[in-house]
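The next block holds one structure in the form of structure tokens; read it before the comments.
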Amino acid sequence: MAIELQKLLKRKVTYVSLFTLILLVGLAVWQGFSDFKEEFDVAQRINGDFADSVALISPSQYWVGLSNAFFSSFFYFIFPLLVSLPVVDSLYQERESGNIHYQLIRRNKWDYYGKKFLFTFFTAFFLFLMPLLMGIVLMNFLSGTWDYSSFSAAYDRLVRGTAVVGDSTALSRKKHLFSNLLSISPYLYIMVYYIIGALYAGAYATFGLATSLFMKNRYLILFMPFSLYLGGWFIFSTIPLLNWDPFNFLDPRQPVGRLFYAPFAVDFAVLMVLTVSIYLIGVRRNSDILS
């Protein structure tokens, strides 16, 4: 793994990808914070006599993924491409350079391919997660808010129907999935979504790695995870089963109706079984060529 990390840190595309992800998060926080200030000022003027209405206008609702800001949505649109770029073509690069022959002489084939798969998964996992965590810290710093207990208490009363709110307070703030977590802390709610998203980021990246064993075009390999992501969105939109589409259910805003928990696990399991199967077939298919 240390060798893979050294290779990753030597690649310019790693820093380009990380910089782009952080930039998108920074722009999303900047937009979200502007929207928060504007909405909070309006709420204080209109619903200043209703403490729950004001408490529900929280900076936590403008974290990346929860904000309606363009860059927040764009992050969730483009992430399969950006988290995959530094690692998805690693097998292709080593095959083209001939380095793979040297690696397989020194190491067991399954050790080499197994570690390559795991490294790709966890690299994409952390490339997705780290900028989003930075976004939480940045939003909290800008707003001066770290304790969201007042929001959680107001949200819990909103869900129970006991909140005292003004007529202009949107009841759409209630979430269908993981709502109980918001009643405890928005940190718990967003971390569940971020970790699930990071798992899918790893799955998309390893899918690209697996298919690279069958491809000779580097650019096709680089865009394979993103193509799968958009392809799934197109298929589920056509059927239509938007609540089964990762493009929609990974979004913490919960932008579509009829969401339920099963697609999180089922889609991930199907994607990983497909990915591992393709990877194993690819390794066996190329073993006589690469060893």
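In the chain, the longest principal axis of the Cα atoms and the axis of helix 70-84 are about 20 degrees apart.
In this structure, ALA262 and ASP147 have a Cβ-Cβ separation that, at R0 = 35 Å, corresponds to a calculated FRET efficiency of about 0.55.
Computed extension gain for SER97 through TYR15, at 0.36 nm per residue and net of the alpha carbon distance, reaches 27.3 nm. If you plug the beta carbon distance of HIS176 and ILE105 into 1/(1 + (r/R0)^6) with R0 = 45 Å, you get a FRET efficiency near 0.25. Across the range 98-123, the residues whose backbone nitrogen lies under 20 Å from the label position 7 Å along the beta-carbon direction of LYS216 are 98-101. Applied to the range 122-137, the Karplus parametrisation 6.51 cos²θ - 1.76 cosθ + 1.60 on θ = phi - 60° returns per-residue 3J(HN,Hα) values of 6, 5, 5, 4, 6, 5, 6, 6, 4, x, 5, 5, 4, x, 4, 4 Hz, with x for Gly and Pro. The phi-based Karplus calculation (6.51 cos²θ - 1.76 cosθ + 1.60; θ = phi - 60°) puts the 3J(HN,Hα) values of the range 4-10 at 5, 5, 4, 5, 4, 6, 8 Hz, whole numbers, x for Gly and Pro. The trypsin sites (Lys or Arg not before Pro) of the range 121-216 that meet both conditions, a loop assignment by DSSP and at most 13 other Cβ atoms within 10 Å of the site Cβ, are LYS174, LYS216.
The simple spin-label model puts a point 7 Å past each Cα toward its Cβ; for ILE235 and PHE74 those points are separated by 2.9 nm. The alpha-carbon positions of the chain define a convex hull whose volume is 132 Å³ per residue.
Lys-Lys pairs in the chain that are eight or more residues apart or on separate chains and whose Cα atoms lie under 30 Å of each other come to 17. The peptide list 200-206, 250-256, 265-271, put in order of mean Cβ contacts within 10 Å with the highest first, becomes 200-206, 250-256, 265-271.
Would any residue of the range 97-120 have its amide N under 18 Å from a label point 7 Å out along Cα→Cβ of ARG285? List them or say none. It comes to 113-114, 117, nothing else.
For the pair LEU5 and ILE46, the difference between a 0.36 nm per residue extended length and the Cα-Cα distance amounts to 9.4 nm. Using only Cα atoms, tell me the angle between helix 12-47 and the longest principal axis of the chain; keep it within 0 to 90° and round to the nearest 10. Around 10 degrees separate the two axes.
Accessible area per residue for the range 2-285, computed on protein heavy atoms with a 1.4 Å probe, is 47 Å². The charge dipole of the chain, taken about the Cα centre with unit charges on the Cβ atoms of Lys, Arg (+1) and Asp, Glu (-1), comes to about 1160 debye, rounded to the nearest 20. The protection proxy used here, the mean number of other Cβ atoms lying within 10 Å of each residue, ranks peptides 79-89, 143-153 as follows, highest first: 79-89, 143-153.
The values are calculated or read from the model by the stated rules, or taken from the named source; none is laboratory data. Since the structure is predicted, the reported quantities are computational estimates derived from the model, not experimental observations. No Cβ is skipped: glycine too gets one built from the backbone with ideal geometry, and neighbour counts run over all protein chains shown. Accessible surface areas use protein heavy atoms only, side chains included; no ligands, DNA or RNA. Shrake-Rupley method; radii C 1.70, N 1.55, O 1.52, S 1.80 Å.
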